[in-house]
Every structure is written in C-alpha cells, then in structure tokens.
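Single-structure report; data block below.
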Amino acid sequence: MDLVINGENQQLEQVRTVYDVIEKLGLSGKPVVAEADGNVLTAEQWADTPVYSGMKIELVHFVGGG
C-alpha cells in the first residue's frame, strides 16, 4: 500500500490499520504520537483506524538522552 509517512512516500505491505504501520516501522512499544490525515490519534485508536492508499500519516517518537 502506498502511504505518505512523515512527508515521504512509502510502500508497506500487509498493513490495514495505523497500528500495523507503527508495528511495521518498528515503533510499537515506544512512546509515539500518531496523526492520520490531520487527526491526532490516541494509542487506543490505532488498531481501529484503517489506512488506505495515499493516506498521510505523521509519526513522532521520542528518544531519551542527555
């Protein structure tokens, strides 16, 4: 499926929800903020939010350090 993730076109296979996208990108279990087509999603909404070709997804994940 063709998605626009953080402004870049990406082809991801076997993704049906925002949760699937986050998992496919190796971000599950990490502190992530997700936005789909301009709507900020809670983590509880990820599995219930379907993705479609051309969808714009913004993902921000936090990295600790000092």
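The values are calculated or read from the model by the stated rules, or taken from the named source; none is laboratory data. Quick caveat: nothing in here was measured; it's all calculated off a predicted structure. Every residue, glycine as well, gets a Cβ built from its backbone with ideal geometry; the counts of neighbours run over all protein chains shown. Heavy atoms of the whole protein, side chains included, go into the accessibility calculation; ligands, DNA and RNA do not. Shrake-Rupley method; radii C 1.70, N 1.55, O 1.52, S 1.80 Å.
Overview of results
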| read-out | value |
| --- | --- |
| Residue match in the range 28-44 (condition: in contact with a helix residue (DSSP H, G or I) (Cβ under 9 Å, 6 or more places away or on another chain) and among the acidic types (Asp, Glu)) | no |
| Filtered residues of the range 1-10 (kept if of a type in the set (Val, Ile, Thr) and open to solvent by 20 Å² or more (accessible area, probe 1.4 Å)) | 4 |
| Whichever residue in the range 11-27 is free of Cβ contacts under 8 Å to residues at least 12 places away in the same chain and closer than 22 Å to residue 63 by Cβ and, among such residues, is surrounded by the most Cβ atoms within 10 Å (Cβ to Cβ) | 23 |
| Residue that is out of contact with any Asp or Glu (no Cβ under 8 Å at 6 or more places or on another chain), exposed (fewer than 15 other Cβ atoms within 10 Å of the Cβ) and not hydroxyl-bearing (Ser, Thr, Tyr), where the choices are 63, 32 | 63 |
| Unmet requirement for residue 42, which otherwise passes all of (1) open to solvent by less than 30 Å² (accessible area, probe 1.4 Å); (2) free of Cβ contacts under 8 Å to residues at least 40 places away in the same chain | (1) |
